[in-house]
Amino acid sequence: MAARVDVERVRALMARATGDEKHDESSTSTLDALWVLYDRVLRVDPSSPRAETRDRFILSKGHGPSAYYAVLAAKGFFPEELLDGFLEWGNPLGSHPDRNQVPGVEASTGSLGHGLALGVGSALALRAKGLREQRVVVLCGDAELNEGSNWEAMMLAAHLVLTNLTLLVIDNHSSSLAMDPWEARFTSFGWDAGVVDGHHHAALEEALSRRPVDRPNAVVADIPEGEW
Ligand SMILES: [Mg+2]
């Protein structure tokens, strides 16, 4: 398994991936949650990124991937030097993550509103294979949940009782439509849900490690507006 790394090391690595400042906020707001996932929650192995027994992670809001790349590099999925060539011709680290180019990337994403549906399919596949310990975690943005496809996927996930599916919402208050109250919204769709401080590592770890026995669950990581 991957060695533990300090979150400040990840921040330093992320600073090497420059050239996509337009999406800085989108990416930076995911950094703490991604680090907690990869350092403390997900069971993944950089020496065998496609091992059948891995947990699956899908970065649905793929338009801000630099924190994700920094975490994957810190964990040893690919050489850190690749970060210096982020977005450059010939470098696999593009503006949207590509599962065929970047070791550790589970799904090619960037077109918003698709990741949760992919996650539902992945969770069903794990069930069909009898892999009951493994789980799927999908990261969405708050504004991304304006896309109706997510709510279709949520209805299906609850109907299928996908207890191996977790949706992590990074709420950096970028949505034009009001999304509060999160708990009421999710529970009305048959999900378990909780809101935590999106920078608080222990709270994120506790919430992301929880596995309700009878429903899928959502963890909303709150990032105060303007804070990242
Ligand atoms: Mg957002």
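The values are calculated or read from the model by the stated rules, or taken from the named source; none is laboratory data. Keep in mind that what you see is a predicted model, and the values were worked out from it rather than measured. Note that we place each Cβ from the backbone using ideal geometry, even for glycine, and neighbour counts take in every protein chain shown.
Take the residues in segment 163-191 that are β-branched (V, I, T) and buried (at least 22 other Cβ atoms within 10 Å of the Cβ); name whichever of them is nearest to R56 (Cα to Cα).
To start, the set of residues in segment 163-191 that are β-branched (V, I, T) comprises 163, 166, 169-170, 187.
The next check asks that each one be buried (at least 22 other Cβ atoms within 10 Å of the Cβ); those that pass are 166, 169-170.
On the way: T166: 10, V169: 16, I170: 18 Å.
Ranking the candidates gives T166 first.
Six or more apart or on different chains, Cβ atoms under 9 Å: show the pairs whose first residue is in segment 30-47 and over 19 Å from E8 (Cα atoms) and in contact (Cβ under 8 Å) with a residue 40 or more places away in the chain and whose second is hydroxyl-bearing (S, T, Y) and outside any loop (DSSP other than H, G, I, E, B).
Close Cβ pairs satisfying both conditions: V44/Y38.
Mind checking which residues of segment 214-228 are exposed (fewer than 15 other Cβ atoms within 10 Å of the Cβ) and at pLDDT 95 or above?
Start the filter on segment 214-228 by keeping residues that are exposed (fewer than 15 other Cβ atoms within 10 Å of the Cβ), which leaves 214, 224-227.
Selection gives D214 alone.
Among the residues of segment 118-135, are any in contact (Cβ under 8 Å) with a residue 12 or more places away in the chain, under 15 Å from the mean Cα position of the chain (by Cα) and not in a helix (DSSP H, G or I)?
yes
Could you list, in sequence order, all residues of segment 15-37 that are in contact with a Phe, Trp or Tyr (Cβ under 8 Å, 6 or more places away or on another chain) and either surrounded by 22 or more Cβ atoms within 10 Å (Cβ to Cβ) or not polar (S, T, N, Q) (or both)? Spell out the reasoning first.
Filtering segment 15-37 down to residues in contact with a Phe, Trp or Tyr (Cβ under 8 Å, 6 or more places away or on another chain) leaves 16-20, 24-25, 27-30, 34, 37.
Residues satisfying the conditions are R16, A17, G19, D20, D24, E25, S27, S29, T30, L34, L37.
What pairs can you find where one residue is in segment 58-69 and aromatic (F, W, Y), the other is within 15 Å of the ligand (Cβ to nearest atom), and their Cβ atoms are less than 8 Å apart, with a gap of 6+ or different chains?
Filtered contacts from segment 58-69: Y68/S27; Y68/T30; Y68/L34; Y68/L59.
Results for (1) of a type in the set (G, A, S); (2) under 23 Å from W35 (Cα atoms), shown as yes or no for each residue.
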{"position": "G148", "(1), (2)": "yes, no"}
{"position": "L156", "(1), (2)": "no, no"}
{"position": "L165", "(1), (2)": "no, yes"}
{"position": "S174", "(1), (2)": "yes, yes"}
{"position": "L177", "(1), (2)": "no, no"}
{"position": "P181", "(1), (2)": "no, no"}
{"position": "G190", "(1), (2)": "yes, no"}
{"position": "A207", "(1), (2)": "yes, yes"}
{"position": "G226", "(1), (2)": "yes, yes"}
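Might you check whether a residue that is in a helix (DSSP H, G or I) and either at pLDDT 90 or above or under 25 Å from E206 (Cα atoms) (or both) occurs anywhere in segment 43-66? Quick ask: steps written out before the conclusion?
So the first thing to find is which residues in segment 43-66 are in a helix (DSSP H, G or I), and the list is 66.
Imposing the further condition that a residue be either at pLDDT 90 or above or under 25 Å from E206 (Cα atoms) (or both) reduces the set to 66.
Yes, the conditions are met somewhere in segment 43-66.
Can you tell me which residue within segment 2-14, out of those that are among the aliphatic types (A, V, I, L, M) and surrounded by 11 or more Cβ atoms within 10 Å (Cβ to Cβ), is farthest from the chain's Cα centre (by Cα)? Spell out how you get there, then give the answer.
Filtering segment 2-14 down to residues among the aliphatic types (A, V, I, L, M) leaves 2-3, 5, 7, 10, 12-14.
Now narrow it down to the ones that are surrounded by 11 or more Cβ atoms within 10 Å (Cβ to Cβ): 2, 5, 7, 10, 12-14.
Working: A2: 18, V5: 18, V7: 16, V10: 16, A12: 20, L13: 18, M14: 16 Å.
Step by step, filter segment 2-14, then rank; the result is A12.
Is at least one residue of segment 71-89 closer than 30 Å to G190 by Cβ and part of a loop (DSSP other than H, G, I, E, B)? Even if it seems obvious, please write down each step before you answer.
Here is the first cut: in segment 71-89, the residues closer than 30 Å to G190 by Cβ are none.
No: segment 71-89 contains no residue that is closer than 30 Å to G190 by Cβ and part of a loop (DSSP other than H, G, I, E, B).
Are any residues in segment 152-196 acidic (D, E) and either more than 16 Å from the ligand (Cβ to nearest atom) or under 18 Å from R135 (Cα atoms) (or both), and if so, which ones? Don't jump to the end; show me each part of the working.
Step one: filter segment 152-196 for residues acidic (D, E), giving 152, 171, 180, 183, 192.
Answer for segment 152-196, where residues must be acidic (D, E) and either more than 16 Å from the ligand (Cβ to nearest atom) or under 18 Å from R135 (Cα atoms) (or both): E152, E183, D192.
I'm trying to understand the selection: among the residues of segment 1-29, which are touching a residue at least 12 places away in the same chain (Cβ under 8 Å) and within 16 Å of the ligand (Cβ to nearest atom)?
In the first step, residues of segment 1-29 are kept if they are touching a residue at least 12 places away in the same chain (Cβ under 8 Å); the result is 1-5, 7, 9-11, 13-14, 16-20, 23-29.
Residues satisfying the conditions are D20, H23, D24, E25, S26, S27, T28, S29.
State the number of residues belonging to segment 7-66 that are among the small types (G, A, S) and within 27 Å of S149 (Cα to Cα). Spell out how you get there, then give the answer.
Residues of segment 7-66 that are among the small types (G, A, S), as a first pass: 12, 15, 17, 19, 26-27, 29, 33, 47-48, 51, 60, 62, 64, 66.
Those still in the list that are within 27 Å of S149 (Cα to Cα) too: 26-27, 29, 33, 60, 62, 64, 66.
Selection size over segment 7-66: 8.
Of (1) within 16 Å of the ligand (Cβ to nearest atom); (2) surrounded by fewer than 23 Cβ atoms within 10 Å (Cβ to Cβ); (3) in contact (Cβ under 8 Å) with a residue 40 or more places away in the chain; (4) under 19 Å from V219 (Cα atoms), G110 satisfies all except one. Which?
Looking at each condition in turn, G110 falls short on (4).
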